[in-house]
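Below is one structure; the comments refer to it alone.
Derivation of every value follows stated rules applied to the coordinates shown; laboratory data play no part. No experiment lies behind these values; they were computed from the predicted model shown. Every residue, glycine among them, receives a Cβ derived from its backbone with ideal geometry; neighbour counts consider all protein chains shown.
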């Protein structure tokens, strides 16, 4: 029997096939994206970026990028109907 | 060989080989059996029941074969019955094969090829295939992708080498730039499963959506990526990296990854794939955002850390640059260290909690570490820092440091312990409204009381309690108490003062905290102060307060609660429209739903002992509605209806049509009864005109009427007029005013009407106008004021309301009976006398011609004396039809709608147009065939372009065809002709395709005249004035007597105007 590749049992092959092709989920994902009104919160929490340039220049440039990025991301999410409507306060 | 033997497929040579080494045969068979048992156990964990069942069935069958094979091998090896094979029913114990049905179910259901997505070398590849399906061509792949979204831009897609699917087939594939397809990919995740999108593509869509979520929260950091070579220069670029990626979510997503998603690298770790997709999408989004931002210049060199820093800021959109290797490495390291608090695997986020204020109004902010306590519970951050060690402690400190940067007051000196601080109301509000959301975006968990962003307007609350007053109704005296309501929170004067003194007044209402506007508090305090000393009020005063007619109130209005006449009334009137009421059984006809509601309102008024104003738009059926109520209460006493002369016969006709059981008397004209009391005692409804009512006021006022109804009540808008003063003398249990235009000239008109219907109840005129004027601000006009009273003293519905419009037919055809004036009657008789005295002679044509000429003359007289005589005297007050037309035109213009008036007589039409122009001080044209084409076109264009209301007179011949006049929603056919089709065409200038409103078409006829004969002929009756004409007869064949009968006046149907003033002059 050595040197011969054992033929996989049909059922195991079937399970492999299922894992390869995957299975459909019953429901599409529901809206869950809640855009933030403060796009630079995480950035500010890290403190000044260590780039040895003027802090104000770096902050201004990065803030501009973060604000645009959250806008673009929100637009993409809205187009896909994934934006959740804000119902109230955080953690409530 | 062993498998073949087990399956019964071994060749003789194989059997000989197995027999030659029986122990080995047995060991291999046993190993196969163990493998199969393991596989069977694993199959029991498969998530899909159908797959679990079919795999279990296959494995069970295999188990049986192998068990038998082991037995045979054992027997062959001489072990015989010493060997015990596991019972073949082991599958039942696993629970997997117990679900097996037959064994003929396919392992993975085959289906059509679907659109697949694979992640290859950090990019997206699209191809199409499926289990048992032939892969699609590249063009078909594109077609499938576009079928999901027809706007998909496939520019930039490039063909790549085919991917190899299970079974060895090749599937043509496309490499797709992520920035061209990101929106489409994310949308795929939110579409229901179908026949196009395969699980691999959906999985990629879900991960892409997660990356979009991170980006929308600003959870990404710029990192430097450099590719090192052998030289001193490194090739660098900024790579945006996802931050705060939840480990559990990452692993769960990875576990769902289908193999097709990594078709070219099936062994790749699923977590690695998931991170790669996340990172690429975030990087794509942020680079795109950076490309939109203002670009700063690149440094001339990149040999120092500062220069590399500048190059990074200039290259945030991902542009590559070269930098000195050593310096780039140093900057890369610094950036990684700076970003590590949010890019390394982190535990659960710190919890920031704001507790509701204690008894002293102190808000406590505290910070906790979830999972750090015994049993996985939370502990205060100070405790966590004290008890944890090493990396765990460092992680908490780093996270706390991030928190301090965002909320510096957490480190305020004087606090009891680290991570606990007392907040003021203002600080608490900032946390609730602004800081909290920022903390969540930065990856902290936040627990705060629920917040209501919009401050509710304060409402002044008037609580009434019956104090044993003997009076009832509006005169009932009740005890009252005042307070202010904000949401569900009731505040007294002291509470208001306390809140107004706070910098940020916060209150809890409806389970949420809300910050009050100080201006609102000041307004509420002033309203309360104005009234707080009042402890008793009459029912009428309570009602006036509720309607906003007494003094100033807060923006939220006034609410009355408690007991008493006014409170009960307001509660019942609160729900508008009121519940509908069916008309009495004897009512002939069907009320529309809004009429049934109006009837319900009339019933409510009677129950409450109130009068009111029924303000249904013209054409909505006020008369029929009121007749239904009169019929219901006929046993309570007679009703007196005071109406314009122009509609006197209409009232009689409608009563005959809808309420034939009502005993109706017309009190008008020289032959009217002298004994009004006796007349009233023998009739349910007495209809009279304004003029007659003034003349006979003494006798009418001596009757105990159950109800007084005033139609077209705008005639009493001047309380100083003789009409208004006279009608106020009429006694009645209830007074009802009917009008389609209750606020024709302002709120003062409405006051006059309501003060008539409920004397003294609505207070002084100035206070009424001032109180309701506030509601007319904002361009809403008088309608807003009417709505404020709707359901209580007023019932207002208009054709412009969608639910009303939906119920109305496309067109309403009404017959208006317009009484002739004495001048008209005299002229009419004179013409007829002349015709009868000198009957037509000659041949048929001549005779017919004379009769037709006489008919034409009579019709002109019915229109207006001047239409026949062509005199130059003023037109007003000389024709019943003209009087009625003026009333209709007044109402149409007041409603801002447009009116078409058709007449057969062009010269009369011109005269009429001039008269209406003078009356309304605006141009009213007459469209007729004598005008040049250009003049006609301009007339139509000007009329169409006029904003709001507008009147146009048209001759029936010229204006009856070809024109589209759908701007008009009212049509008057001023005079009739024999051919109804011609009139229908006229009406259809307005009622046609493109018309969105109900068209009200009115045919004017003078009762007892040639107009009615025409009506009869048009209605299909060949009997004219009791004559039966042979089909071949013509009018010219009639004898003098027949002519008199055919064309003469019918005195019993004539309603002549009285000498003296018109309705309008009486109302002035």
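Note on B:183-190: average number of Cβ atoms from other chains within 10 Å of each residue's Cβ is 6.
Centroid-to-centroid, using Cα positions, the stretch B:808-831 and the stretch B:661-692 are 22 Å apart. Between the Cα long axis of helix B:49-76 and the first principal axis of chain B there is an angle of about 30°, rounded to the nearest 10. Binning the C-alpha pair distances of the stretch B:114-343 at 10 Å intervals from 0 yields a P(r) profile of 8, 29, 31, 21, 10, 1 %, listed from the shortest bin outward.
Max-minus-min Cα coordinates of the stretch B:506-573 on each principal axis give 36, 26, 18 Å, with the largest extent listed first.
Per-residue packing, averaged as other Cβ atoms within 10 Å, sorts the ranges B:278-284, B:517-523 into the order B:278-284, B:517-523, beginning with the highest.
Peptide B:280-291 has a mean of 4 when you count, residue by residue, the C-beta atoms of other protein chains within 10 Å of its C-beta.
Take every DSSP beta bridge whose two residues both sit in chain B; close to 50 percent of them are antiparallel. Here the translational diffusion coefficient of the stretch B:563-639 follows from Stokes-Einstein with Rh set to the Kirkwood radius across Cα pairs; for 10 °C and 1.306 mPa s it amounts to 120 µm²/s.
Counting every other Cβ atom within 10 Å of each residue's Cβ, B:332, B:310, B:807, B:356 order from fewest to most as B:356, B:807, B:332, B:310.
In terms of other Cβ atoms within 10 Å, B:174, B:210 run from fewest to most in the order B:174, B:210.
Dividing the summed helix terms, -39500 (n - 2.57) for each DSSP H run of n ≥ 4, by the number of residues in chain B produces a 222 nm estimate of -13000 deg cm²/dmol to the nearest 500. Helix B:648-658 versus the longest principal axis of chain B: what angle, 0 to 90°, nearest 10, using Cα atoms? Result, in degrees: 60. With Cα atoms defining each centre, the stretch B:407-423 and the stretch B:362-381 are spaced 15 Å apart in the structure. Among B:870, B:683, the ranking by other beta carbons within 10 Å of each residue's beta carbon, starting with the fewest, stands as B:870, B:683. Looking at chain B, the pairs of alpha carbons with a distance over 41 Å make up 67% of the total. For the peptide A:56-65, the mean number of other protein chain Cβ atoms found within 10 angstrom of a residue's Cβ is 5.
The long axis of helix B:390-406 is offset from the longest Cα principal axis of chain B by roughly 30 degrees.
Mean separation of Cα pairs under 8 Å and 6 or more residues apart, divided by the residue count, gives the stretch B:593-801 a relative contact order of 27 percent.
The tail of the calculated P(r) for the stretch B:265-313 beyond 16 Å holds 61 percent of all Cα-Cα pairs. For the stretch B:351-445, report the translational diffusion coefficient in µm²/s to the nearest whole number, using Stokes-Einstein at 37 °C, 0.692 mPa s, and a Kirkwood Rh over Cα pairs. Reported coefficient: 238 µm²/s. Running Debye on the stretch B:593-801 with equal point scatterers at the Cα sites and no solvent, what base-10 log of I(q)/I(0) appears at q = 0.08, 0.13, 0.14, 0.16 Å⁻¹? Per q value, in the given order, log10 I(q)/I(0) is -0.25, -0.68, -0.79, -1.03.
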